Protein chains: 2
Amino acid sequence: MYGKIYIIGIGPGSPDHMTPAARKALASSDVIIGFSLYVSFVREEFPEKKYEISGMQNELARARRAIDLADQGMTVAVISSGDAGIYGIAAPTLEMMQRRGSNVEVEIVPGISALSSAASLLGSPLTNDFAVISMSDLLTPLEVVMKRAEIFAKSDIVTVIYNPRGSRFPDNLRKAIDIFAKYRDPNTVVGIVRNAYREGQSVKITKLSEIVPEEIDMLTTVIVGNSETFVYRDMMATRRGYSKKYSIDA
Amino acid sequence: MYGKIYIIGIGPGSPDHMTPAARKALASSDVIIGFSLYVSFVREEFPEKKYEISGMQNELARARRAIDLADQGMTVAVISSGDAGIYGIAAPTLEMMQRRGSNVEVEIVPGISALSSAASLLGSPLTNDFAVISMSDLLTPLEVVMKRAEIFAKSDIVTVIYNPRGSRFPDNLRKAIDIFAKYRDPNTVVGIVRNAYREGQSVKITKLSEIVPEEIDMLTTVIVGNSETFVYRDMMATRRGYSKKYSIDA
């Protein structure tokens, strides 16, 4: 008898932003597998569960372990913060299942993504078309990362930057910002959100020319606005064209 | 005494995918303003609330009304399905507040976005960098929409298509698909999700050369994979490079 794997996005880490679907999946699991920081976000609510905690870089080991346990008939939760499908544990798990020809049941539970969390704290920067890019070149070649940054910078696309700066890639964010600076106005609005909806939350709105990459770390999401992004009070938002199309008189 | 505006992403429409934060905001509101379909997703749970329902195209009227009611001291919820910050009601509301110089308190509550809902039902297509584009040219000029489609098609970026086909823009999806077909392999995996996590849900995985735009409507999200997107069992997923970097032996 086979078990089941739930791949769960637990959201930013605050209980208020975890869905009932994620809670039900966690409640029905025998084991919860995840990176230590993510486990710390659910442990208090599910203290009776068995946990298997692993380091940041061990996605494949976690996937392999989940399949092994499910093969033994267990219900296994594999968790990521945010949405597990966006730079998270979902794809490595499915990739490993394919490699092993696994037929174990799998269900993916969506979570509030870092892009939604960050955007909601900033205002509404993602109103219109946008792109999402990670600064990590551990799995994607650096030239591909920078080529994509250039494409988005050039074409005035609002860009969400995940994994902006890590100890193994300390300089990529600065490189990307230099590329954006080549194509965009120095006053382009940029939002910087660290630890969205959890302890130590900080929200900053600045401009392209004033970003200090050295102040940014892996727990941060950066959103670079476009030529339609404005600031009102302490919020940033991107116009979608209402003011062009309709009279927007108050 | 001023009131408050909550701008709330209620998620796909199933109670299981609405966050506690969204529920609390709805519970504490005097009035809930929204497009009729979205209101139908919350009305059962909050039957005692006052509702103001408006048509799809009246974003600015809804925003104006929310500010008026908050100015009178009421707590007002303005809702969108998915995440209100992604092609939703958040930006028009902030834009209208700016126009009116409104100082009313505002809080934006993130929701499970259509991109996360669709991706989770398909597998894990958004593993790596991706872009999001709407086919509607009601507020964005058609040439900009198609230029962006071309940029994403050309650069092998996984692309999420919102508002793929409406009665006022019946042909844009076909135009965009033709552009993708110019640059991408005809076998590129495409996922099509209609009514994610609600009545009438359908999930289909097909390939670029076999999409039938005429079968697609406004309640659908389309995800065009890239050269790293594969199909396993009934799921699609995009590799992030694990198999290149590490041994992915089972």
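The values are calculated or read from the model by the stated rules, or taken from the named source; none is laboratory data. These numbers were taken from a predicted model, which means no experiment stands behind them. All Cβ positions, glycine included, derive from the backbone under ideal geometry; neighbour counts span all protein chains shown. In case anyone asks, the SASA skips ligands and DNA or RNA and just uses the protein heavy atoms, side chains included. Shrake-Rupley method; radii C 1.70, N 1.55, O 1.52, S 1.80 Å.
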(request) Report, in debye and to the nearest 20, how large the dipole of region B:115-238 comes out about its Cα centre when Lys and Arg carry +1 and Asp and Glu carry -1 on their Cβ. (result) 60 debye
(request) Compare B:Y51, B:Y232, B:Y197 in a GNM of chain B, Cα atoms joined below 10 Å, and give the one with the largest fluctuation. (result) B:Y232
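Is it possible to state the helix-based mean residue ellipticity at 222 nm for chain B, with each DSSP H run of 4+ residues giving -39500 (n - 2.57), the sum divided by total residues, to the nearest 500 deg cm²/dmol? What is it?
-9000 deg cm²/dmol
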(message) Given an 8 Å cut-off on Cα distances and at least 6 residues of separation, report the relative contact order of chain B as a percent.
(response) 20 percent
(message) Rounded, prolate or oblate, given the Cα gyration tensor of region B:103-163, with a/c below 1.5 counting as rounded?
(response) oblate
(request) Calculate, for region A:171-235, the solvent-accessible area per residue in square angstrom, rolling a 1.4 angstrom probe over the heavy atoms of the protein chains. (result) 48 Å²
(message) How compact is region B:115-238 by the rule of thumb for globular proteins, expressed as Cα Rg over 2.2 N^0.38 Å?
(response) 0.96
(message) Of all beta bridges DSSP finds with both residues in the protein assembly as shown, what is the antiparallel percent, to the nearest 5?
(response) 45 percent
(request) Round to a whole angstrom and tell me the spacing of the C-alpha centers of region B:77-151 and region B:174-198. (result) 19 Å
(message) Classify region B:14-145 from the C-alpha gyration tensor, please: rounded if a/c falls under 1.5, else prolate or oblate depending on whether a/b exceeds b/c.
(response) oblate
(request) List the distances, in nm to one decimal, from the label point of B:Y232 to the label points of the same position in every other copy, shortest first, placing each label point 7 Å from Cα along the Cα-to-Cβ direction. (result) 4.6
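Compute the relative contact order of region B:1-141 as a whole-number percentage, counting only Cα pairs closer than 8 Å that sit 6 or more residues apart in sequence.
Across region B:1-141, relative contact order equals 37 percent.
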(message) Counting only protein heavy atoms and a 1.4 Å probe, tell me what percentage of chain B's accessible area is made up of carbon and sulfur.
(response) 48 percent
(message) Which residues does the label zone of A:E105 cover in region A:5-23, counting backbone N under 19 Å from a point 7 Å along Cα→Cβ?
(response) A:5-9, A:21-23
(request) Of the options A:L37, A:T75, A:A131, report the single residue whose Cα projects farthest towards the positive end of the charge dipole of chain A (beta-carbon charges: Lys, Arg +1; Asp, Glu -1). (result) A:A131
(message) Placing the label point 7 Å from Cα along the Cα-to-Cβ direction, what are the distances from A:E199 to the equivalent spots in the other copies, shortest first, in nm to one decimal?
(response) 4.5
(request) Can you pull out the buried accessible area for chains B and A, both sides counted, probe 1.4 Å, rounded to the nearest 100 Å²? (result) 7300 Å²
(request) Take the eigenvalues of the Cα gyration tensor for region B:1-51, scale each by 5, and report the square roots as semi-axes in whole Å, largest first. (result) 18, 12, 10
(message) What distance in nm separates the two pseudo spin-label positions at B:E199 and B:K147, each 7 Å out from Cα along the beta-carbon direction?
(response) 4.3 nm
(request) Using protein chains only (no ligands, no nucleic acids) and a 1.4 Å probe, work out which residues of region B:76-112 have their accessible area cut by at least 50 Å² relative to the chain alone. (result) B:Y87, B:A91, B:L94, B:E95, B:Q98, B:R99, B:I108, B:P110, B:I112
(request) About the Cα centre of region B:27-118, how large is the charge dipole given +1 on each Lys and Arg Cβ and -1 on each Asp and Glu Cβ? Please answer in debye to the nearest 20. (result) 260 debye
(request) Could you compute the FRET efficiency for A:K50 and A:D217, with r as their C-beta to C-beta distance and R0 at 30 Å, rounded to 0.05? (result) 0.45
(request) Using a Gaussian network model of chain B whose springs link C-alpha atoms within less than 10 Å, name the residue from B:P186, B:P47, B:P92 with the highest mean-square fluctuation. (result) B:P47
(request) For chain B, give the magnitude of the charge dipole about the Cα centre (Cβ charges: +1 Lys/Arg, -1 Asp/Glu; no others), in debye to the nearest 20. (result) 320 debye
(request) Considering only chain A, pick the residue with its Cβ nearest the axis of the rotation onto chain B, and state the distance in whole Å. (result) A:A131, 2
(message) Pick from B:S14, B:S81, B:S167 the residue whose mean-square fluctuation is largest in a GNM of chain B, springs joining Cα atoms under 10 Å.
(response) B:S167
(request) Report P(r) for the protein assembly as shown: all Cα-Cα distances, bin width 10 Å, range 0 to the bin holding the largest distance, values in whole percent. (result) 4, 21, 32, 28, 13, 2, 0
(message) Taking just the alpha carbons, could you work out the radius of gyration and Dmax for chain A, both in angstroms?
(response) 19.7, 64
(request) Would you tally the net charge around A:L115, using a Cβ to Cβ cut-off of less than 13 Å, leaving A:L115 out, and scoring K and R as +1, D and E as -1? (result) -3
